[in-house]
Amino acid sequence: MIKKFDKLLIICILSVLLTGCWDSEDINKKSITITLGVDYVNDGIEFSGELAKLRSSPSESGEKNQASGVYQLLSYGKNFEESRRHYDSINPYPVFLGATRVVIFGQNYAKEGIEPYLNRIDHLYDYRKTLLSVVSRETPTELFKIKVEKDISVGFLIDDIMQNLEMRGEALYPQIGEILSDIALGHVGYVLPYIGIERGSIKYLGMAVMKDSKLEGTIDLENTHGVLYILAQNPTLVEVIPSTKNEKNQISFTTFIKKRKIKTDYIDEKVIINIDLDLKAQLRYQYYPEPVEDEDIKKLEDMISKKVENDIVSTMKKAKNEFECDFFDFVRYFRAEHPEIYKKIKWEDQFTRADINVNVKTKVINRSLEDPNAKKKY
Amino acid sequence: MKETLTNRQIAFVLFGVIVGYGVLSLPKNIAENAGTGGWFTLLIGTSIAIIFVYILTYLAYVHKNKTIYEYSNLLVGKFITYIFMIIYIIYFFMLFTMIIRMSCEAIKLTVLIKTPVWALCFSFLSVVYYAVIKRLGTIAKICEIYGLMIMVSAIIIHLSIFTHGKLINLRPFFVVEDISAYLKGTLTTVFPFLGIEILTIISFNKKENNKKIFKHIAWMIVFIGIFYILVVESCISVMGADSIIYYKDALISTIRRVDIKSLQFLERLDGIILTIWIMSILCTLFLEAYASIFLISKVFKKSNFKGLAFIVMILSFIVAQMPKSLDEVEQILEYISYVGIVTAGVIPTILFLITKVKKYDKKV
Amino acid sequence: MKNKFIDKIEEFSKESLGISIRKMSIANTEVFILYIGQLTDKDSLSNNIIKPILQNGMNNILTIEQIATSVIYVDDISIYDDENKMIDYILEGKSIILMSNACKYIVANTLKVEKRGVQSPEIDTTLRGPKDSFTENFDDNLSLIRYRIKDPALRIDHFTIGKRSRTSVALIYIKDIANEKCVNEVKRRLEDIDIDGVFESGYIQKFMLNNTFDLFPQVGIMERSDTACANIIEGKVIIVVEGSNLALVMPKTFIEFLDVDDDHYDNIYLGMFSKLLRITALIISLTLASLYVAVVSFHTDILPSQYILAIATSRGTVPFNSVVEAMLMEFVAEILREASIRLPKQIGPAIGIVGAIVIGQAAVAAGLVSPLMVIMVSLSVMCSFVSPDYTIVNPIRILKFFMIAMTGTLGLFGFVIGLTFIAINICSMTSFGVSYVAPLSPFNFVDLKNYIFSDITLSKKRPKFLNTRDKTRQ
């Protein structure tokens, strides 16, 4: 009897196998989206983007094993769903978002608030939550029109630029996941990379400050140092300091963060934030070689400290007065240190009134194997 | 057919049965109840679990070569034993059926969107049936091998997730004022340890299972506690305690927020996590299904084990399709876990006390 | 004067049994020699039996006992009187000497079988290690073992199996090492065999299994005598079958199938490395194609985006879905493999060229399969050649398709389910009382370490799972 049952089971499994393959969908039968742009045009949502070109057109001969190009996509609708329906009705294959590198928000849309789309990304399963999102000065459609020769496509170009800058510590690479955590935390803003077209090519322009997921303002590339010193994982910035002796001469330093300490306190119903930065600096070169004595180094160290301090303080001022939002995540530190007080206060109000003390110390650790003080014998 | 398990195998059986479906939503539950101080609640939960595991192990250790059916007969008589057995059988049966349904729903909602639930249930049940008819010895071996694989890969993955998390998300580590909340949260941390009642159906062998068994099992529970803490903390470090509470599939959501560039083509960890998660569910299912069928076969002495297993599987398949919505399944699972406190805590404690009072432990 | 033997001779000559009868007349009587020409060493027969009998018998009166003790020169002789057993002795290749006036007969061993000499191994090839492999000759095989192990505790139990073939089978083990239970179990199974004929050790192997439908082999095959001896010393039981150049070894667990003597002879690091390599290769050959299916058709998003694009572009023109593609290509690869075994050596390489060109180049150029699939298939076939004992790869070759089917239906979930089915099957097996997955489960750290290091100086003890009588090596 049992033998029969076993056979029955096997037959059942076979039938499942034969009727199966519910989810099987080959990757080459999907539209692989590399970049997606979201913008707000004429009271409707406009999706634009780039799809990987999998089949080389008959004119291009030869085997190609790398994605050689992209198609552009464009669809409209009153909301995401309608826009998606529009997309589905003009494209042959279902969309696949697992390979998406960048989501570009147009400035118009960013001003309206990007949170709905971020939540959409969060809950569409095939979207990665590690992708980059940027705000674009121009509309995404304009960006996609640019012919890119340096990389495979616009999306790849933006992603590669940002990755490179992040690696060198010159920019932030905020992933959707981190932003979602920030939104869930509340009370804080966040910054996104701000890009645009300049002289025909795509350029990283600076940072876009988002408050309540709405574009509040931008920070120019020159002024991002202050943000980077606080937020970047390991910022490696170049600081140029005029020489103490010779006005014409400039000395170029690379700075690294040795220690970054953020302490918060709550005294007299006022939030106090102390930022201690320990910097290491490396003398790269001088515009005109001059001897650098130990006293000069001391002076230079002070100058670097002062400069960095000014950068940070001015950014803080901007954050407090202009944007009125804490995009430095200070609230996390405050909550970690004073969880009880945190429950009682309203952070947004407190932050604008907070005292922020910045204290920077710099130490020049080397002169990059060069000896500017060498004595000539003759 | 008497099969003896080594001490290590029994410890791994515990790992297999305890770590399973619950890991998916564990970070959410802990963060919801105790915030960033969740590690403390888990520690308390672990120590409570150790007490009950000690009771269960002691019962099995004193009553060598006996399972709960025999020693309960000896201690409380036939009638009460039958009541106990009915509770256990229904508990084990419902537990594994509902876990199957729940896992299928989770899989359907995350990876296999178009696959019908019955097909997933069917594949689960067919592999469970195959394992159950090979008996406990084989299941223990599977648990040992899979357990090792799960442990090693899970620890590596969670440590590497840590490197991508932010330490600031884990703070405050401990808030003195919240201690009452932590203690309240302890109840939720006991549920992930349910499954220890599997020890009631494992009979110890005089030669194989000496005093060291207590040490093995205690270490395993401590390990599971630490493992849970690692999972919870690594997930919170990436998502933040505020964000994670919105995700029932906290573990998978966390994984999808992490790309580890240095691992090259393993950069995205979902595949591995999904694999080991299904493996750990399978271990749980094997043991619980085996427990229910084993106890039924004890009650109906003359029945054929294979036939019984087949009937139970078909029943389970039907019962698994019954709940109409996910919420219903969750509701049932919650009720079952309350029964679990009875089966893992109350009944063993009663038997333990009787053993102590009647001094059976001295006689052996 | 006539006796019962002469009647028998007449009976033999009537039926075409192929028995040669040599009749000699000596002083007092007539002597008959019965033998089968094809099985007999004719030189030995004429020089050691016929010649002395004729020389002595011309003048002296000889009795049968005298002939046996002081006339013929053959080493292995015995005297019997049961006339019904004569035919059996003759068929075994022995010569029978009869006298018309005696009531007994002499059986002299003059067996000679055409055989090939000891040659180097063909399936169990090795870089380092002795090259004398077993041959089809029973006595040669035993002698190869005997001269390697001079332990007085070495036991060789003889069995005759096969109602018609009457094949000699020897069970070899060392008495104070091998586990008694295991030896008795093997003996019992050998005695239970009731079969017409045994022509290869494969027949015996089938009878040694617990269950005919077990997928994985539990009995190892040995071609090289040094491997066989190493296994005997380890506490295992070897079966040598007459007419088969492959000895059987049991019990054998899963991971031991991936063990090679080279590992033990060579540098410890190389041993560890190649062991790791073999295990990985086995896993790759089982799972690669199904993982490909899982990635292409189900969970593409588990790969980084560059890889997704690479896979997608390489599959751009492929008309099949990935399951069909994988099945098809694996099947073609298996055909190639089978063909290359069956073909004569001279045209064997041709199949390789045809396979490489037809399957590799043309199929890709025609856009029927993706180049990636070709790489995967050839890799998985290559991996299946890595393992030393080809019998362990056979189930993998079949299970590969099972895995593809499971993955093709349910994606990664089906992959795990399929893998678990296989794991349950492996775990539930025992090889003569030894857990098939030992020492992984029941876990034994020392055994596992010794297995991976495979260095004799470090492994002072025999594997615990074999449960041998003598537990230490050094």
Exercise for the section: Answer with yes or no whether C:Leu277 is at pLDDT 85 or above, assigned by TED's automatic domain parsing to the domain that holds C:Glu330, more than 25 Å from C:Asp176 (Cα to Cα) and buried (at least 23 other Cβ atoms within 10 Å of the Cβ). Expected result: no
Practice task
Determine whether the range B:234-242 contains at least one residue that is crowded, with 22+ Cβ neighbours inside 10 Å, on the phi > 0 side of the Ramachandran plot and of a type outside the set (Lys, Arg).
Solution key: yes
Handout entry: Where A:Gln286 falls short, out of the listed (1) away from every other protein chain (no Cβ under 14 Å); (2) surrounded by fewer than 17 Cβ atoms within 10 Å (Cβ to Cβ)
Key = (2)
Handout entry: Residues located in the range B:265-285, provided they are away from chain A (no Cβ under 14 Å) and touching a Phe, Trp or Tyr at 6+ places or on another chain (Cβ under 9 Å)
Key = B:Thr275, B:Ile276, B:Trp277, B:Ile278, B:Met279, B:Ser280, B:Ile281, B:Leu282, B:Cys283, B:Thr284, B:Leu285
Handout entry: Index of the failed condition, A:Lys343 passing every other in (1) modelled with pLDDT of 85 or more; (2) surrounded by fewer than 22 Cβ atoms within 10 Å (Cβ to Cβ); (3) within 14 Å of another protein chain (Cβ to nearest Cβ)
Key = (1)
Fill in the blank from the handout: Conditions (1) in a helix (DSSP H, G or I); (2) away from chain A (no Cβ under 14 Å) -> B:Lys301 fails only (1)
Practice task
Hey, can you tell me all the residues within the range B:129-159 that are within 14 Å of chain A (Cβ to nearest Cβ) and part of a helix (DSSP H, G or I)?
Solution key: B:Tyr129, B:Tyr130, B:Ala131, B:Val132, B:Ile133
Handout entry: Filtered residue count, the range A:94-136, keeping only those that are of a type in the set (Ser, Thr, Tyr), outside any helix (DSSP H, G or I) and more than 11 Å from chain C (Cβ to nearest Cβ)
Key = 2
Handout entry: Flag if B:Ile113 is without any contact (Cβ under 8 Å) to a residue 40 or more places away in the chain and more than 22 Å from the chain's Cα centre (by Cα)
Key = yes
Handout entry: Qualifying residues in the range A:315-340 (those that are within 12 Å of chain B (Cβ to nearest Cβ) and without any contact (Cβ under 8 Å) to a residue 60 or more places away in the chain) - the one surrounded by the most Cβ atoms within 10 Å (Cβ to Cβ)
Key = A:Arg335
Problem - the range C:27-38, residues that are in a helix (DSSP H, G or I) and farther than 22 Å from C:Glu10 by Cβ - result: C:Gln38
Exercise for the section: Give the residue that is modelled with the lowest pLDDT, with candidates limited to residues of the range C:17-35 that are surrounded by 14 or more Cβ atoms within 10 Å (Cβ to Cβ) and of a type in the set (D, E, K, R). Expected result: C:Glu30
Problem - Filtered residue count, the range C:360-416, keeping only those that are touching a Ser or Thr at 6+ places or on another chain (Cβ under 6 Å) and either outside the structural domain of C:Val318 (by TED's automatic domain parsing) or farther than 30 Å from B:Val128 by Cβ (or both) - result: 6
Handout entry: Residue, nearest to the other protein chains (Cβ to nearest Cβ), within the range C:314-333, restricted to residues that are out of contact with any Asp or Glu (no Cβ under 7 Å at 6 or more places or on another chain), within 21 Å of A:Asp23 (Cα to Cα) and assigned to a helix (DSSP H, G or I)
Key = C:Val323
Completion exercise
Taking the range A:47-62 and keeping only residues that are modelled with pLDDT under 80 and more than 8 Å from every other protein chain (Cβ to nearest Cβ), one is left with A:Ser57, A:Pro58, A:Ser59, A:Glu60, A:Ser61, A:Gly62
Exercise for the section: Tell me, yes or no, whether the range B:163-182 has at least one residue that is assigned to a helix (DSSP H, G or I) and either on the phi > 0 side of the Ramachandran plot or away from chain A (no Cβ under 14 Å) (or both). Expected result: no
Practice task
State all residues of the range C:107-121 that are out of contact with any Leu (no Cβ under 8 Å at 6 or more places or on another chain) and at pLDDT 80 or above; if no residue qualifies, say none.
Solution key: C:Val107, C:Ala108, C:Asn109, C:Gln119, C:Ser120, C:Pro121
Exercise for the section: Tell me, yes or no, whether the range B:341-354 has at least one residue that is touching an Asp or Glu at 6+ places or on another chain (Cβ under 6 Å), farther than 28 Å from B:Ile145 by Cβ and touching a residue at least 40 places away in the same chain (Cβ under 8 Å). Expected result: no
Exercise for the section: Identify the single condition in (1) in a helix (DSSP H, G or I); (2) surrounded by fewer than 16 Cβ atoms within 10 Å (Cβ to Cβ) that B:Lys324 does not satisfy, given that it satisfies every other one. Expected result: (1)
Exercise for the section: Look at A:Ile202 and say whether it is within 22 Å of A:Ala110 (Cβ to Cβ) and either away from every other protein chain (no Cβ under 14 Å) or surrounded by fewer than 16 Cβ atoms within 10 Å (Cβ to Cβ) (or both). Expected result: yes
Exercise for the section: Output the residue which, of all residues in the range C:431-448 that are assigned to a strand (DSSP E or B) and at pLDDT 85 or above, is farthest from C:Thr472 (Cα to Cα). Expected result: C:Ser435
Exercise for the section: State whether one or more residues within the range C:451-465 are more than 23 Å from the chain's Cα centre (by Cα), in a loop (DSSP other than H, G, I, E, B) and within 14 Å of chain A (Cβ to nearest Cβ). Expected result: no
Handout entry: Residues of the range C:279-309 classified as facing chain A (nearest Cβ under 7 Å) and not charged (D, E, K, R), total
Key = 7
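The values are calculated or read from the model by the stated rules, or taken from the named source; none is laboratory data. Because the structure is a prediction, the values reported are computed rather than measured. Note that we place each Cβ from the backbone using ideal geometry, even for glycine, and neighbour counts take in every protein chain shown.
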